[in-house]
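First comes the structure, then the notes that go with it.
Each value in this text was obtained by applying a stated rule to the coordinates, not by laboratory testing. Predicted, not measured: the structure shown is a model, and the values here were computed from it. All Cβ positions, glycine included, derive from the backbone under ideal geometry; neighbour counts span all protein chains shown.
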Amino acid sequence: MKETLNFALIGHMFMGRAHSHALNDVGMFMKDLKIRPVLKTICGIGDGLEDTKERFHWEKSETDWHKVMSDPEIDVVSIAVPGFLHKEIAVEAARNGKHILCEKPLARDYTEALAMFQAANENNVLHMVNFNYRRIPAVALAKQMIEEGQLGEIVSYKGFYQQDWALSGAPMSWRYKSEMVGKGPLEMGIHITDMAQWLVGGITEVVSVMDTVVKERGTADGGTDVVTNDDNTVWLAKFENGVMGIFEASRAHMGRKNFQWFEVNGTKGSLRFELERMNELNVYLSNDGEDRRGFRNIIVTEEMHKYIKNWWPAGHMLGWEHTVLHQYYEFLKAVEGEYMPRPSFEDGMKAQRVLDAVVRSAEEKRWVAIAEIKGREEPGIRR
Ligand SMILES: NC(=O)c1ccc[n+]([C@@H]2O[C@H](COP(=O)([O-])OP(=O)(O)OC[C@H]3O[C@@H](n4cnc5c(N)ncnc54)[C@H](O)[C@@H]3O)[C@@H](O)[C@H]2O)c1
C-alpha cells in the first residue's frame, strides 16, 4: 500500500481553506491513519491564491485546472469551486484515473450528477461528496440511536437550514445565478436532503413552494442584475418507509447564521440536533421513568463518541472545521481499505434527484414523485 497520497485542490477560498486545513491536520490527529496526504497543488483564480498556498503549505499553485488533471503526480483531486464547474472537472479527473472528493451539491442538477457518477465508476476511481455534516459526533450518535431502534418506529422528520446572507445587500455573485449553481434550494437544501435520507430513508415524493425575496442585486459596474434562483424553499416529503417530512432551506431568514437543525420523532422517543450547538444532542426517551421523562441534553464529547478519542478530554468542544477534517479521515480510510467511501457520488446524485423534484413541484404546483425525474437526455448518459 502507498504511504502517501498526492492531493490537488481546485478552489482556494472559503471551502478551499477548509479543505486545506483538513489536509494539513488530519494525519496529526487521526492516529490510526497509515496513509499520509501530501499537499501538492492548489488551483484557483483571483486574489489570495499565493496566500492560501503559503499559509496552508501547498507545494505549488496553478490557475488552469486542466493542467492539474493531466499531472501524473496527482492521485486525488478535491473540488471546492462553484457548482457549474463540478461536472467538467470531476469527469476529467476520473478520465485521468484520479480519485475525487467533490463539494456539495455534486452538480447543478440530476443529469450532471449522473454523468459524474458514471464517469467515476467507468474509470474505477473512488469518489466522495462532501456532506460534511454527517461527520459530527452528535449526528453520528443520532444515527446510532435511530438504527438501534431507541426511538421506535420513525413517524416524522423535520429538516431546516436557515441563513440570512441574502439579506445583507451583497452584490451579485455566482451564488445567485441558477446557471452557476442550479435552480432551487441546492446550496443549502442539499445538506438537509442528504441528512434526512441518510438518517431515515429514501424520499419518494415531494410538494414545494419557492420564493426569491431579493430579486435584483448590484453589479461591479454600478448596474443591477436579476437573481435567477430562490432565496426560500419549503417542501413536504413522503419517505419510502411511511415517514412524513417537513423541510425548509432559506438564505433570507434574518438573524439565522448557520442554523441547520433536524428533529426525528419516533413512537418511543424523539431527538433534535442544531448545528450552532453542534456538540449537543437533545433526546427524549419514553422508557425513562414516568416521573422524570423530558428532553435531556447530551454533550457528545465523551471518549466513546465517534471521532472524539482523537481529540480532547470530555467537554472540550469541537468546531465546524472538524466536519471537513473527519470527512477527509473517512476518505483516506477508504483509500487505505480500497473500498468506496460514503457519502459517495451515488448519495450526492440521490439528493440531487430529490431537489430536481422539489424544483419541478414548485414550477408545476403539484406533488412530484422522485421516479419522475429522469434528467435531460444527453449523449453518453445511461439511465
Ligand atoms: N460543505 C460545506 O459546508 C460547504 C460550505 C460552503 C460552500 N460549499 C461548496 O463549496 C463550493 C465552493 O464554495 P465556496 O464558498 O468555497 O466559494 P468561493 O467563492 O469562496 O470560492 C470559489 C473558488 O473557486 C475558484 N474558481 C472559480 N472559478 C475557477 C476556475 N475556472 N478555475 C479554478 N478555480 C476557480 C476560485 O478561485 C475560488 O477559490 C461550492 O460548491 C459550494 O456549494 C460547501
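Could you please rank Asp109, Asp47, placing first whichever residue has the fewest other Cβ atoms within 10 Å of its Cβ?
Going from sparsest to densest Cβ surroundings: Asp47, Asp109.
List, largest first, the extents of the alpha carbons of the chain along their principal axes, each in whole Å.
Principal axes ranked by extent give 65, 50, 43 Å for the Cα atoms.
Evaluate the relative contact order of the range 256-319 (contact order divided by residue number), counting alpha-carbon pairs under 8 angstrom at least 6 apart; express in whole percent.
22 percent.
If you plug each phi of the range 221-228 into the Karplus form 6.51 cos²θ - 1.76 cosθ + 1.60 with θ = phi - 60°, what whole-Hz ³J(HN,Hα) values come out, in order, with x for Gly and Pro?
Those phi angles translate into 8, x, x, 10, 9, 8, 6, 10 Hz.
Would you mind checking Lys53/Lys177; Lys104/Lys143; Lys53/Lys143; Lys143/Lys350; Lys183/Lys306; Lys177/Lys374 for any pair whose Cα atoms are more than 25 angstrom apart?
In this structure, Lys53/Lys177; Lys53/Lys143; Lys183/Lys306 exceed 25 Å between Cα atoms.
List the equivalent ellipsoid semi-axes of the range 256-383 in whole Å, largest first, each obtained as the square root of 5λ for an eigenvalue λ of the Cα gyration tensor.
35, 25, 14
Arranged by the count of other C-beta atoms within 10 angstrom, fewest first, what order do Arg292, Arg55 take?
Arg292, Arg55
For the range 75-84, just list the computed ³J(HN,Hα) in residue order, Karplus coefficients 6.51, -1.76 and 1.60, θ = phi - 60°, integers in Hz, with x standing in for Gly and Pro.
Those phi angles translate into 9, 10, 10, 9, 10, 9, 10, x, x, 5 Hz.
Run lengths n ≥ 4 of DSSP H only: what is the helix-derived mean residue ellipticity at 222 nm for the chain, with -39500 (n - 2.57) per run over all residues, to the nearest 500?
Value at 222 nm, helices only, nearest 500: -9500 deg cm²/dmol.
In which sequence would Trp65, Trp174 go, from the one with the fewest C-beta neighbours within 10 Å to the one with the most?
Trp174, Trp65
Once you keep just the Cα pairs under 8 angstrom separated by 6 or more residues, what percentage relative contact order results for the range 4-132?
23 percent
When the gyration tensor of the range 4-132 is built from Cα positions, what are the square roots of 5 times its three eigenvalues, in whole Å, from largest to smallest?
22, 17, 14
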